[in-house]
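Peer 1: Next up is a structure, given as structure tokens.
The values are calculated or read from the model by the stated rules, or taken from the named source; none is laboratory data. In this text, all values refer to a predicted model and were calculated from it rather than measured experimentally. Note that we place each Cβ from the backbone using ideal geometry, even for glycine, and neighbour counts take in every protein chain shown. Accessible surface areas use protein heavy atoms only, side chains included; no ligands, DNA or RNA. Shrake-Rupley method; radii C 1.70, N 1.55, O 1.52, S 1.80 Å.
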Amino acid sequence: MNDISNNRYFVLLKKKKISFQVLDSMNIVIFKKEALIENYSIDNIYFLTEKFLNKNIFEIEKNLKSFIKEIYIIFESDFFFEAGSSIKYTIQKTNFIYDNINDILLEMKNQFKKFSSRNEIIHMVVDKYILDGYTYETLPEIDHNKNLVIQANFICLNEEITKNFKKIFSKYQISVNKILSYNFLK
């Protein structure tokens, strides 16, 4: 029997259709409902998403025998943009802990947000690590007295777009857990 508490809810907004899907804990689609899109403009996407929810959400919840509390949006759009950034860190301790990398990445993310406040980071992808001039795709072993540079790309979306989606779903008491880029996931 499927435990509905482990279900995940997705709205896929592609250039030709809106698709609502429910995945169970084994990532199997257990429910799917779709509608076609003819005019793919951002205002029309907002309108059609709200229309889709208004027409279908109560039926979907009734079929699932569960209220939808949070959802993931996978959005196919040309509004996403990519920005690169890097940060340099000098490792001076012999007991450098790899958890420090998370702190470095968080600092990098915070710096990006500080100077790009009207955009929301959707994905952060570490491109490469440079340790004392040598480039690595994965984090190498690190000794003390080394210089580490981390280069990353941020895939972003204007915060006005994310706010509008959150507002639409909040009308149905659904919170948007995350907005994801369809092209990046593909």
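Peer 1: As a test question: what accessible area, to the nearest 10 Å², does Val149 have when a 1.4 Å probe is rolled over all protein chains in place?
Peer 2: 30 Å²
Peer 1: While we're looking at this one, here's another question. Which residue, Phe154, Phe47, Phe20, tops the fluctuation ranking in a GNM of the chain built on C-alpha contacts under 10 Å?
Peer 2: For the chain, modelled as a Gaussian network with Cα springs under 10 Å, the answer is Phe47.
Peer 1: Please list, ordered by chain and number, the residues whose modelled amide H lies under 5 Å from the amide H of Lys146; skip anything fewer than 5 residues away on the same chain.
Peer 2: Distant-sequence amide H within range of Lys146: Ile91.
Peer 1: Tally up the carbon and sulfur contribution to the accessible surface of the chain as a whole percent, 1.4 Å probe, everything protein left in place. Let's see the in-between values first.
Peer 2: Working: 5640 of 11600 Å².
About 49 percent, which is the carbon plus sulfur part of the accessible surface.
Peer 1: Extending each Cα 7 Å along its Cβ direction at Ser117 and Lys65, get the distance between those two points in nm, one decimal.
Peer 2: With each label placed 7 Å out from Cα toward Cβ, I get 5.0 nm.
Peer 1: Report Rg(Cα)/(2.2 N^0.38 Å) for the range 44-166, keeping two decimals.
Peer 2: It is 1.49.
Peer 1: Okay, moving on. Give, rounded to the nearest 20 debye, the magnitude of the charge dipole that the range 73-186 has about its Cα centre when Lys and Arg contribute +1 at Cβ and Asp and Glu contribute -1 at Cβ.
Peer 2: On the way: 14 positive and 14 negative charges, 113 e Å.
With Lys and Arg at +1 and Asp and Glu at -1, about 540 debye.
Peer 1: Set Lys and Arg Cβ to +1 and Asp and Glu Cβ to -1, take the dipole of the range 95-181 about its Cα centre, and tell me which of Met108, Gly133, Asn158 lies farthest positive.
Peer 2: Asn158
Peer 1: Based on the Cβ-Cβ distance of Lys51 and Leu185, what FRET efficiency does E = 1/(1 + (r/R0)^6) give at R0 = 25 Å, to the nearest 0.05?
Peer 2: 0.50
Peer 1: Please list, ordered by chain and number, the residues whose modelled amide H lies under 5 Å from the amide H of Phe31; skip anything fewer than 5 residues away on the same chain.
Peer 2: Val22
Peer 1: Students often get this wrong: which residues of the range 12-42 have the backbone nitrogen under 12 Å from the point 7 angstrom along Cα-to-C-beta of Asn177?
Peer 2: Zone members listed by number: 22-27.
Peer 1: If you fit an axis through the alpha-carbon atoms of helix 42-64 and take the longest principal axis of the Cα set of the chain, what angle between them do you get, 0 to 90°, nearest 10?
Peer 2: In the chain, helix 42-64 runs at an angle near 70 degrees to the longest axis.
Peer 1: Measure off 7 Å from each Cα along the Cα-to-Cβ vector at Val126 and Asp43, then give the distance between these two points in nanometres to one decimal.
Peer 2: Each label point lies 7 Å from its Cα, and together they span 4.4 nm.
Peer 1: Okay, moving on. Write down the radius of gyration of the range 1-112 and its Dmax, each obtained from C-alpha positions, in Å.
Peer 2: 20.4, 61
Peer 1: On full extension of the chain, what length is gained from Ala35 through Asn153, given 0.36 nm per residue of separation minus the C-alpha to C-alpha distance?
Peer 2: Taking Ala35 through Asn153 to full extension adds about 39.2 nm, to one decimal.
Peer 1: Test of understanding: in a Gaussian network model of the chain with alpha carbons linked when under 10 Å, which of Tyr89, Tyr129, Tyr72 would top the mean-square fluctuation ranking?
Peer 2: Of the options given, Tyr89 has the highest mean-square fluctuation.
Peer 1: With each label point set 7 Å from Cα along the Cα-Cβ vector, what nm distance links Ser25 and Lys146?
Peer 2: 4.0 nm
Peer 1: Relative to the first principal axis of the alpha-carbon coordinates of the chain, what is the inclination of helix 159-170, with its axis defined by its Cα atoms, in degrees from 0 to 90 and to the nearest 10?
Peer 2: Approximately 40 degrees, to the nearest 10.
Peer 1: Taking the Cα centre of the range 19-119 as origin and charging only Cβ (+1 Lys, Arg; -1 Asp, Glu), how large is the dipole, in debye to the nearest 20?
Peer 2: The dipole magnitude comes to about 320 debye.
Peer 1: Just reorder Met108, Met124 by solvent-accessible area, largest first, 1.4 Å probe, all chains present.
Peer 2: Met124, Met108
Peer 1: Residue by residue through the range 104-118, what is 3J(HN,Hα) from phi via Karplus (6.51 cos²θ - 1.76 cosθ + 1.60, θ = phi - 60°)? Round to whole Hz and write x for glycine and proline.
Peer 2: 5, 5, 5, 4, 4, 5, 5, 5, 5, 4, 4, 9, 9, 5, 8
Peer 1: Between Ser170 and Asp103, take the C-beta separation as r, use R0 = 35 Å, and let me know the FRET efficiency to the nearest 0.05.
Peer 2: On the way: r = 33 Å, r/R0 = 0.93.
That pair, Ser170 with Asp103, gives E of 0.60.
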